[in-house]
Amino acid sequence: MDSRVSPGEAADPPAPSILLIDDDVELCELLREFFAEQDILIESVHDGPRGLSRALGGGYDLLLLDVMMPGLDGFALLRQMRRQSQLPVIMLTARTAKADRLAGLDAGADDYVPKPFDPDELLARIRAVLRRSGRAPNCGELLEIEELKLITAAREVWCAGTAIPMTTIEYDILEFLARAAGRVVSRDELMSALYQRRASPYDRAIDVHVSRLRKKLGMYGSRIVTVRGVGYLYRSGPTGEDAR
C-alpha cells in the first residue's frame, strides 16, 4: 500500500511517545499493551539511573515515573532531571500520603496518580498533559503584560528580558492567569481547565505549582496574588512583596 501523502493532504501526527520508569515489569507490559491500542507508544525502564539517562536523552513526549525504584528513587530522579529538562512528568506511586504528593509536585511533577489506578483515568491525565505540552498546533501569539512576555507557540516565558524555564503545568497556569489579568480566577476554574476536574479541599496541587511559579519569577512573582478562599489574581502595576 502506498503510504505517501499527496500534496495538500495533511499527514497524520506521529503517535505520542512515553517513557515509563517503573520496576514493576508486569505493570509496564500491561500499560504498554493498553496504550498501544490508543496509538500511544510506551517504552519502559526498570531502574532509576538508566531511566534518568533515557529521559535526558530526549525523544519522548511525556514521562510516567514511579517513586520506589532501585538505584534512584523517583523524587531524586525528577529533581536531577529538572536541572536539564522540562519534559512533562506524571508520577505513579502507591505512596499516597499528602506529604508524598506534595514532594512530587514540588520536585517538578505535572500531575500525580496514586496506585492502583484505572488505566482509562491515567489515559485522560496523559491526554490532558500532552495537550498542555503543545503537541497540538497553535499560533505564534505573543502575550505581553508589562515585563512579562509569553511566546505561546514556543511556550517560552521571558520576564524583564530573562528567559524563565517552566514545567508544562507552570507555563499553563501562568498563561491562564496572564490571559485573565485583573480578574480573580478560582481554584476550581484552574483545576477544570488544566486537570479536567474540580478542586477538592485537600488537593493542593495548584497551590504547590503557583508557589514554585512565584519563586521562578523572582520579584515579579508578587504579581500573582492569592485571594483567600477563592483563587488567584494576576495583577499589573507596581510590584511588591505582599503576595501571600
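The values are calculated or read from the model by the stated rules, or taken from the named source; none is laboratory data. Since the model is a prediction, treat every value here as computed from it, not as a measurement. Counting neighbours? That spans all protein chains shown, and the Cβs are built from the backbone with ideal geometry, glycine included.
Just so you know, in the stretch 41-52 the residues that are touching a residue at least 24 places away in the same chain (Cβ under 8 Å) and not in a strand (DSSP E or B) include one that is surrounded by the fewest Cβ atoms within 10 Å (Cβ to Cβ), and it is D47. Figure legend. Inter-residue proximity from the stretch 154-173: first residues in the same structural domain as R223 (by TED's automatic domain parsing) and within 23 Å of L63 (Cβ to Cβ), second residues charged (D, E, K, R) and part of a strand (DSSP E or B), beta-carbon distance below 8 Å, spacing 6+ or different chains. Indicated pairs: V157/K149; A163/E156; I169/D111.
With R179, R183, R187 as the choices, which residue is at pLDDT 85 or above, closer than 14 Å to L233 by Cα, loosely packed, with under 15 Cβ neighbours inside 10 Å and within 20 Å of the chain's Cα centre (by Cα)?
R179
All but one of (1) assigned by TED's automatic domain parsing to the domain that holds D61; (2) at pLDDT below 80 hold for P137; state the number of the condition that does not hold. Looking at each condition in turn, P137 falls short on (1). Taken over the stretch 80-135, the criterion of being of a type in the set (F, W, Y) and over 14 Å from the mean Cα position of the chain (by Cα) is satisfied by F117 alone.
Of the residues in the stretch 53-92, how many are charged (D, E, K, R) and part of a strand (DSSP E or B)?
Qualifying residue count for the region: 1.
Taking the criterion of being of a type in the set (A, V, I, L, M) and more than 23 Å from L105 (Cα to Cα), the residues of the stretch 151-185 that qualify are I151, A153, A154, A160, A180, A181, V184. Of everything in the stretch 95-128 that's touching a Ser or Thr at 6+ places or on another chain (Cβ under 9 Å) and not in a helix (DSSP H, G or I), which residue is farthest from F75 (Cα to Cα)? The extreme case among them is K115.
The requirement of being more than 28 Å from P49 (Cα to Cα) and crowded, with 17+ Cβ neighbours inside 10 Å is fulfilled somewhere in the stretch 157-168, by at least one residue.
Does G59 fit the bill of being of a type in the set (G, A, S), modelled with pLDDT under 95 and touching a Pro at 6+ places or on another chain (Cβ under 6 Å)? So G59 fails the test.
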